[in-house]
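Novice: Mind looking over this structure? Questions follow.
The values are calculated or read from the model by the stated rules, or taken from the named source; none is laboratory data. From a predicted model like this one, the values you see are computed outputs, not experimental measurements. Heads up, the Cβs are rebuilt from the backbone with ideal geometry, glycines too, and the neighbour counts pull from every protein chain shown.
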Amino acid sequence: MVDDQLIESISDLMCGTYHVYTGKAVYQTAIMSWWPRASIWNGSGLNVNAWTEECEEWFIRHCNAILSGDAVPLNSHQWRN
């Protein structure tokens, strides 16, 4: 039996996900990621079940922002905006 389902922990690893202390309450954390997590991507306008030219352009822009130091990990609310 083969399972092609991507488990959340592997997906989070691929997205560069971190649990970051917020400083708002003892041990309160926020989930931050370099790339949108599956739940965010699935609800985005770029999720059209195919890799489009628009997806590629966004990907290249975001890669360049990361490489230049202009990007930071975002939480789910920030990714939605």
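Novice: If I ask for residues that are exposed (fewer than 10 other Cβ atoms within 10 Å of the Cβ) and among the β-branched types (Val, Ile, Thr), which ones from the stretch 11-28 would you list?
Specialist: VAL26
Novice: Can we say TRP34 is of a type outside the set (Val, Ile, Thr), touching a Gly at 6+ places or on another chain (Cβ under 6 Å) and modelled with pLDDT of 95 or more?
Specialist: It is true that TRP34 is of a type outside the set (Val, Ile, Thr), touching a Gly at 6+ places or on another chain (Cβ under 6 Å) and modelled with pLDDT of 95 or more.
Novice: Does ASP4 satisfy the criteria of being among the acidic types (Asp, Glu), at negative phi and under 12 Å from the mean Cα position of the chain (by Cα)?
Specialist: The answer is no for ASP4.
Novice: Look at ARG80 and say whether it is basic (Lys, Arg) and free of Cβ contacts under 8 Å to residues at least 40 places away in the same chain.
Specialist: Taking the combined requirement at face value, the residue does not satisfy it.
Novice: Yes or no: ALA65 among the small types (Gly, Ala, Ser), free of Cβ contacts under 8 Å to residues at least 40 places away in the same chain and part of a loop (DSSP other than H, G, I, E, B)?
Specialist: No: the conditions fail for ALA65.
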